[in-house]
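Here's the structure we're looking at; comments come further down.
Every number in this text was worked out from the coordinates using simple rules, so none of it is lab data. Because the structure is a prediction, the values reported are computed rather than measured. Note that we place each Cβ from the backbone using ideal geometry, even for glycine, and neighbour counts take in every protein chain shown.
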Amino acid sequence: MEIYAKCYRDPLRRGLGLMLRRPRPVFLAGVNSVHTWFMLGPIWAVFLDGESRVIDVAYLRPWRLHSARGATGVLELPGGEKPPKKGDVLEVVCV
């Protein structure tokens, strides 16, 4: 499955409220946890391992925190989208 996303290596650079202005997929490389502090809406957090296989999927409402052991990246999807299933292999294309 191919997903087009805005990609960041440093999660601090993604900017607060990016998901609020224009809901779109955001990929954070090199992280195994994500939070929804200060966000107004829910997101899907899709945790990927080193082979881009989905190892965990979490629906996070605002002010939540979630992590997954073994994750090497997190794909954030807007709450209204259908997330991939655990075990799916994704190809994240950075735009």
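Things worth noting here:
- Sequentially through segment 38-44, phi angles give Karplus couplings (6.51, -1.76, 1.60; θ = phi - 60°) of 6, 8, 8, x, x, 9, 9 Hz, Gly and Pro residues having no value and appearing as x.
- Surrounding net charge for Arg53, when Lys and Arg each add one and Asp and Glu each subtract one, Cβ distance under 15 Å: -3
- Placed amide H near Gly41: partners under 5 Å, 5+ positions off or other chain: none
- Considering helices alone, the calculated mean residue ellipticity of the chain at 222 nm is -500 deg cm²/dmol, with DSSP H runs of length four and up weighted by -39500 (n - 2.57) and normalised per residue.
- In straight-distance terms, cross-link reach from Lys85 covers every one of the aspartates and glutamates whose alpha-carbon lies under 12 Å from its own, apart from those fewer than eight places away in the same chain; here that gives Asp56.
- Extension gain for the segment Ser67 to Asp49, taken as residue separation times 0.36 nm less the Cα-Cα distance, is 5.2 nm to one decimal.
- Here the Karplus relation 6.51 cos²θ - 1.76 cosθ + 1.60, evaluated at θ = phi - 60°, turns the backbone of segment 57-62 into coupling constants of 10, 10, 8, 10, 7, x Hz, with x for every Gly and Pro.
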